[in-house]
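Engineer: Below are the structure tokens for one structure; questions will follow.
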Amino acid sequence: MHGQINRFGGVLVDAFHYLALFAIGGAIVWSAVHAFFGMMGQGQASIEDILLLFIYLELGAMVGIYFKTNHMPVRFLIYVAITALTRMLIGDIQAHHRPDMGIVLVCGGILLLAFATLVIRYGSARFPSSEAGRQ
């Protein structure tokens, strides 16, 4: 009886997992299409708009990879954060046109995230997980 309950629980968890992935993927596509048609309605796309589309692209790729492998690609989250900080930096520079400490802090954050990506890439190449070797 315990085994049947565990199997049923596993089925429920898997069903929720796939339903949530489809919902997240649908929300990403819906948001990207909405942003794209907003740009079309304006008749132009700013660099911030294009970077927003890159954010949606990375989120979609992350959901696709998670759907196929059941592993969360942490590097993609870092890429999204780098793109979001870059978008914020460009918007701030366009709006204020003055150098201040905020620009340095955002650039430092981007540099820190890039370094974190380097560490993760080095760690996964130098010390691969046992699951990565089986795939």
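Engineer: Right, Phe67: on the phi < 0 side of the Ramachandran plot, more than 10 Å from the chain's Cα centre (by Cα) and without any contact (Cβ under 8 Å) to a residue 24 or more places away in the chain or not? Explain how you work it out, then say what you get.
Structural biologist: On the way: on the phi < 0 side of the Ramachandran plot: yes; more than 10 Å from the chain's Cα centre (by Cα): yes; without any contact (Cβ under 8 Å) to a residue 24 or more places away in the chain: no.
Spelling it out, it is not the case that Phe67 is on the phi < 0 side of the Ramachandran plot, more than 10 Å from the chain's Cα centre (by Cα) and without any contact (Cβ under 8 Å) to a residue 24 or more places away in the chain.
Engineer: Another question, if that's okay. All but one of (1) farther than 22 Å from Ala81 by Cβ; (2) at pLDDT below 90 hold for Met39; state the number of the condition that does not hold.
Structural biologist: (2)
Engineer: Shifting gears a bit: Quick check: is even one residue across segment 46-54 at pLDDT 90 or above, among the β-branched types (Val, Ile, Thr) and more than 17 Å from Ile24 (Cβ to Cβ)?
Structural biologist: Yes, segment 46-54 contains at least one residue that is at pLDDT 90 or above, among the β-branched types (Val, Ile, Thr) and more than 17 Å from Ile24 (Cβ to Cβ).
Engineer: While we're on this one: Which of the residues spanning segment 59-86 are modelled with pLDDT of 90 or more and not hydrophobic (A, V, I, L, M, F, W, C)?
Structural biologist: Gly60, Tyr79, Thr83, Thr86
Engineer: For segment 19-37: of the residues being without any contact (Cβ under 8 Å) to a residue 40 or more places away in the chain and in contact with a helix residue (DSSP H, G or I) (Cβ under 8 Å, 6 or more places away or on another chain), which is surrounded by the most Cβ atoms within 10 Å (Cβ to Cβ)?
Structural biologist: Initially, segment 19-37 is screened for residues without any contact (Cβ under 8 Å) to a residue 40 or more places away in the chain, giving 19-20, 22-24, 26-37.
Restricting the remaining residues to those that are in contact with a helix residue (DSSP H, G or I) (Cβ under 8 Å, 6 or more places away or on another chain) gives 24, 28-29, 31-32, 35-36.
Details: Ile24: 16, Ile28: 19, Val29: 14, Ser31: 14, Ala32: 17, Ala35: 16, Phe36: 15.
Once the filter is applied, the top-ranked residue is Ile28.
Engineer: Is it the case that Gly43 is over 11 Å from the mean Cα position of the chain (by Cα) and at positive phi?
Structural biologist: yes
Engineer: Go through segment 72-118 residue by residue and tally those that are among the aliphatic types (A, V, I, L, M), closer than 23 Å to Phe54 by Cβ and without any contact (Cβ under 8 Å) to a residue 24 or more places away in the chain.
Structural biologist: In the first step, residues of segment 72-118 are kept if they are among the aliphatic types (A, V, I, L, M); the result is 72, 74, 77-78, 80-82, 84-85, 88-90, 93, 95, 101, 103-106, 110-114, 116, 118.
Cutting the leftovers down to closer than 23 Å to Phe54 by Cβ gives us 72, 74, 77-78, 80-82, 84-85, 88-90, 93, 95, 103, 105-106, 110-114, 116, 118.
Right, trim to without any contact (Cβ under 8 Å) to a residue 24 or more places away in the chain and you get 72, 77, 88-89, 93, 95, 103, 105-106, 111-112, 118.
Residues that pass the stated criteria total 12.
The values are calculated or read from the model by the stated rules, or taken from the named source; none is laboratory data. Every value quoted in this text rests on a predicted model; they were computed, and no experiment measured them. Note: ideal-geometry Cβ built from the backbone for every residue, glycine included; neighbour counts use all protein chains shown.
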